[in-house]
Amino acid sequence: TTAAALERFTINFTITNLPYTADLENPDSAKFNATQNVMNTLLDHLLKESSIGPTFQGCVTTAFRYG
């Protein structure tokens, strides 16, 4: 058998209770890193419990923006 091909996808959403600051633009800032860790943990848990869970490999937060 052959291994399943990995497919990347993008999820965009709005966080209504997180005030946007310039720190969230900087991937080296403590606020970006803390927020990224929380988001990755929550999204990983959510998606692992979804229909794609058996093949889900994990998520990566690439950016935050004012929206």
Index of the failed condition, L47 passing every other in (1) in contact with a Ser or Thr (Cβ under 8 Å, 6 or more places away or on another chain); (2) open to solvent by less than 30 Å² (accessible area, probe 1.4 Å): (1)
message: Anything in the stretch 28-38 that is part of a loop (DSSP other than H, G, I, E, B) and touching a residue at least 24 places away in the same chain (Cβ under 8 Å)? List them, or say none.
response: none
message: Can you find, within the stretch 17-30, the residue that is modelled with the lowest pLDDT among those that are open to solvent by less than 70 Å² (accessible area, probe 1.4 Å) and of a type in the set (A, V, I, L, M, F, W, C)?
response: L18
- request: Could you tell me which numbered condition N33 fails, if it satisfies all but one of (1) surrounded by 10 or more Cβ atoms within 10 Å (Cβ to Cβ); (2) more than 14 Å from the chain's Cα centre (by Cα)?
  value: (2)
Residue among L24, L43 that alone is touching a helix residue (DSSP H, G or I) at 6+ places or on another chain (Cβ under 6 Å) and closer than 14 Å to T62 by Cα: L24
query: Here are T61, T41, T14, T10: which of them is in a loop (DSSP other than H, G, I, E, B), surrounded by 10 or more Cβ atoms within 10 Å (Cβ to Cβ) and of a type in the set (S, T, Y)?
result: T61
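The values are calculated or read from the model by the stated rules, or taken from the named source; none is laboratory data. As the structure is a prediction and not an experimental result, all values here were calculated from the model. Please note: Cβ atoms are built from the backbone with ideal geometry, for glycine as well, and neighbour counts cover all protein chains shown. Protein only, heavy atoms only, side chains kept; ligands, DNA and RNA dropped before computing areas. Shrake-Rupley method; radii C 1.70, N 1.55, O 1.52, S 1.80 Å.
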